[in-house]
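What follows is a set of notes on a single structure, which appears directly below.
The values are calculated or read from the model by the stated rules, or taken from the named source; none is laboratory data. The shown structure was predicted, so the numbers you read here are calculated from the model rather than taken from an experiment. Here Cβ is always computed from backbone atoms with ideal geometry, including for glycine, and neighbour counts include all displayed protein chains. Note: areas computed on protein heavy atoms with side chains; ligands, DNA, RNA excluded. Shrake-Rupley method; radii C 1.70, N 1.55, O 1.52, S 1.80 Å.
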Protein chains: 2
Amino acid sequence: MASRPVSGAGDGLAVAIDLGGTQIRAALIDRRATILARAHQLTRADAGPEIVIGQIAELWATVCEGTNRSNILGIGVSSPGPLDTREGIALGIPTLAGFEDFPLKAALSEKLSMPVMLENDGISAGIGEWRYGAGKGLSDIVYVTVSTGIGGGVIIGNRVLRGRRGMAGHIGHMSFVRGGELCACGNRGCFEAYASATAFTRRAVNAATPLGNHGRAIDAAAVFASAAGGDALAISLVQEEAEYLGQGFASLLHLYDPDMLIMGGGLSNQFDMLQGAILSSLKASAMPAFRGTPVVRAILGANSGLIGAASLVLDGP
Amino acid sequence: MASRPVSGAGDGLAVAIDLGGTQIRAALIDRRATILARAHQLTRADAGPEIVIGQIAELWATVCEGTNRSNILGIGVSSPGPLDTREGIALGIPTLAGFEDFPLKAALSEKLSMPVMLENDGISAGIGEWRYGAGKGLSDIVYVTVSTGIGGGVIIGNRVLRGRRGMAGHIGHMSFVRGGELCACGNRGCFEAYASATAFTRRAVNAATPLGNHGRAIDAAAVFASAAGGDALAISLVQEEAEYLGQGFASLLHLYDPDMLIMGGGLSNQFDMLQGAILSSLKASAMPAFRGTPVVRAILGANSGLIGAASLVLDGP
């Protein structure tokens, strides 16, 4: 989205933070989901919460520069889980040292003297796509982010599905293959361990001969490019990935019965190549009454989490 | 529950129908979930909707006998799915001939000249346990019925999770073992195909030698009795069943983050023997933040669906 002049005093703005294990992204966002300013830093992931909170404060100052602070209604933070968002506690973020039972919401609120809304990253992105993206106007959506891991956000009856402590929708950790591949969560056979971009790339690396790839590093984009070029191995890898996704998506339709399933995350950049095989696999796995549910690509791209986090401040939970 | 005198005129009563492939049960129920009268018939499952609706009408007349009809606020029907409960349509009930795209709600409402609430049987039972059973007072529960099949009802934030057409919570049909056992739904590897009482009994029959069972038929109760008596094979079958249940329940905690998971259905009669191994399996499969969620047995027994269906009339959706 292009920059535009800062809105008038009455409109209200939010600062959104997308806290990740690799980078922290910040944006100043208005009520039309327009991103007015952006900044980012590489996350000092090993440095502990105090340093990371200092980084967020710097980013906050950067994106707010030149804006009347009284227009800023609060800060929305999208963070990896597991989080107890009812209490504002990070329970143990695997990619950030020291975020075990850490009162992230209270610490940020104190540091910035601002109301803070804290949300699981999958749910934030789901809220963004629901309110401003592919799911706009629908009452029931399942958003699935397929990236390093698999996360999600579920909206049912125009309400965000949060569960007891705000930890519902851990879609990546539904059991998928009993006793199967080890997952990053410690369990075996999770959906994430089969259908994430990480799993896809691992299969590609295991399948490819070093010579066959002409010495280039194998990443997801390279496999899709080879498939587009007609390479049989790459095509079969893409087909396998789509089959896993379709089977997992079928489970999600059975579990949540949404109007639409929205796929986001890095792998959704290849949605056009995956879509046909995802739908075939989904139709083979879903009960007849669920087969017609549309599966679409997210439209806010890498901004869905930021826009969702801002929306928590501007539009409410 | 014991019979008690019919409540006063101002209280309001509901007739609940539990429509099953084997029998149709009916009850007259008051606002305290007391069952005032009961009746049942064997379902004429092959006879088509008109005959089955006639059976429901007969049962309705039986349980209402001697009650002032003006006290009866409506009829709540718990039915096997898939149902589009928003439109009141049976989409295709596998155990009842002719219930394909059949307007069950409208047909009953016309036949009985009464408001009809139609609900999926798993959701009805979940509502019963939430409002009057093990989940009373909680805002977030997952109810799982483990019987011939596996069904469920999910309450999130004090609201029943229904999804777009009222078909959410098809817990039995989440993918559990990719490409595994054939399920009654036509798909392979569903949770139901591994953890239902039907699957448990099938494994027992396959594992037992005809002589070893002294010529008696093998059913679930017989296996549990043998396990209680120290039979090693029966103990291992019970252990395996509990492992499947615990793994599936872990997925459900990840997907819905409830305050409590409630197990009902026929196999919950053996909950005491399953509980320890279910919890061990769940703890091995669930992410740490989810491991403390209590797993308990339903307390309304075979009445949870009837009480839930009545509650839809008396307490609202």
Radius of gyration and maximum dimension Dmax of the stretch B:142-186, Cα, Å: 12.1, 36
Solvent-accessible ranking of B:Arg165, A:Arg32, largest area first, probe 1.4 Å: A:Arg32, B:Arg165
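Taking all pairs of distinct Cα atoms, average 1/r, flip it, and tell me the Kirkwood hydrodynamic radius of the stretch A:118-212 in Å to one decimal place.
Working: mean 1/r = 0.0692 Å⁻¹.
So the Kirkwood estimate lands at 14.4 Å.
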At 7 Å out from Cα toward Cβ: A:Ser113 inter-copy label distances (nm, ascending): 7.2
Protection-proxy order for peptides B:295-306, A:229-240, each taking the mean of Cβ atoms within 10 Å per residue, highest first: B:295-306, A:229-240
Scattering profile of the stretch A:232-301 at q = 0.16 Å⁻¹ [log10 I(q)/I(0), Debye over alpha-carbon scatterers]: -0.51
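Rounded to the nearest 0.05, what FRET efficiency do A:Ser113 and B:Ile51 have when you use their Cβ-Cβ distance and R0 = 56 Å?
The formula returns an efficiency of 0.20 here.
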Ellipsoid equivalent to the stretch A:215-273 - semi-axes via the Cα gyration tensor, in Å: 27, 12, 9
Alpha-carbon Rg/Rh ratio, for the stretch B:1-151, with Rh computed the Kirkwood way: 0.95
Separation of the B:Gln41 and A:Glu181 label points, Cα + 7 Å toward Cβ, nm: 5.4
Geometric extent, Cα atoms of the stretch A:64-158 - Rg, Dmax (angstrom): 15.0, 40
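When the Cα atoms of the stretch B:5-75 are enclosed in a convex hull and the volume is divided per residue, what value in Å³ results?
Values: hull volume 5.3 nm³, N = 71.
So the per-residue Cα hull volume is 75 Å³.
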Average beta carbon contacts from partner chains per residue of B:136-145, 10 Å cutoff: 1
At least 10 Å² accessible surface lost relative to isolated chain, residues of the stretch A:226-251 (1.4 Å probe): A:Glu243, A:Tyr244, A:Gln247, A:Ser251
Between 0 and 90°, nearest 10: helix B:49-64 axis offset from chain B longest Cα axis: 70
Neighbour net charge for B:Gly81 - beta-carbon separation under 11 angstrom, K R +1, D E -1: -3
Part-to-part distance (alpha-carbon centres) for the stretch B:144-202 and the stretch A:249-295, which is given in Å: 18
Highest to lowest packing among B:130-138, B:33-41, scored as the average C-beta count within 10 Å: B:130-138, B:33-41
Chain B: angle of helix B:304-314 to the longest principal axis, Cα-based, in degrees nearest 10: 30
Signed unit charges on C-beta, dipole axis of the stretch A:131-271, positive-most listed residue A:Ser268, A:Asn158, A:Leu252: A:Asn158
In order through the stretch B:280-287: 3J(HN,Hα) via Karplus (6.51 cos²θ - 1.76 cosθ + 1.60), integer Hz, x for Gly, Pro: 4, 5, 4, 5, 6, 9, 8, 5
Computed label-point distance, nm, for sites B:Ser280 and A:Ser236 using a 7 Å Cα→Cβ extension: 4.1
Sequence-distant aspartates and glutamates (8 or more away, or on other chains) whose Cα lies within less than 20 Å of A:Lys105: A:Asp18, A:Asp46, A:Glu50, A:Glu58, A:Asp84, A:Glu87, A:Glu119, A:Asp121, A:Asp315
Rounded to whole Hz, the Karplus (6.51, -1.76, 1.60) HN-Hα couplings of the stretch A:103-114, x for glycine and proline: x, 4, 5, 5, 5, 5, 4, 5, 4, 9, 6, 9
Coordinate range along principal axes, alpha carbons of chain A, Å, largest first: 58, 45, 38
Shielding score for B:174-182, defined as the mean number of other chain Cβ atoms within 10 Å: 6
Value of [θ]222 nm, deg cm²/dmol, for chain B, DSSP H segments ≥ 4, -39500 (n - 2.57) each, nearest 500: -11000 deg cm²/dmol
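Please average, across the residues of B:185-195, the number of beta carbons from any other chain that are within 10 Å of each residue's own beta carbon, and give a whole number.
3
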Rounded percent of accessible protein surface that carbon and sulfur make up, chain B, 1.4 Å probe: 52
Accessible area per residue, Å², the stretch B:174-282 with all protein chains present, probe 1.4 Å: 38
For the pair A and B, total buried accessible area rounded to nearest 100 Å², probe 1.4 Å: 3700
FRET efficiency estimate (nearest 0.05) - Cβ-Cβ, A:Ala207 to B:Ala221, R0 41 angstrom: 0.25
Amide H contacts of A:Phe176 (H built 1.01 Å from N, under 5 Å, at least 5 apart or other chain): A:Cys190, A:Phe191
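Under the Kirkwood approximation applied to all pairs of distinct alpha-carbon atoms, what is the hydrodynamic radius of the stretch B:57-112 in Å?
Every distinct Cα pair counted, the radius reaches 12.6 Å.
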Derived scalar couplings ³J(HN,Hα) [the stretch A:145-157; Karplus, 6.51 cos²θ - 1.76 cosθ + 1.60; whole Hz; x for Gly, Pro]: 9, 10, 8, 3, x, 10, x, x, x, 10, 10, 10, x
Reduced Cα scattering model of the protein assembly as shown, Debye log10 I(q)/I(0), q = 0.05, 0.08, 0.12 Å⁻¹: -0.25, -0.62, -1.23
In degrees, nearest ten, helix A:232-256 long axis to first principal axis of chain A (Cα): 60
Label distances, nm, B:Arg31 versus same residue in remaining copies, Cβ-directed 7 Å point: 4.3
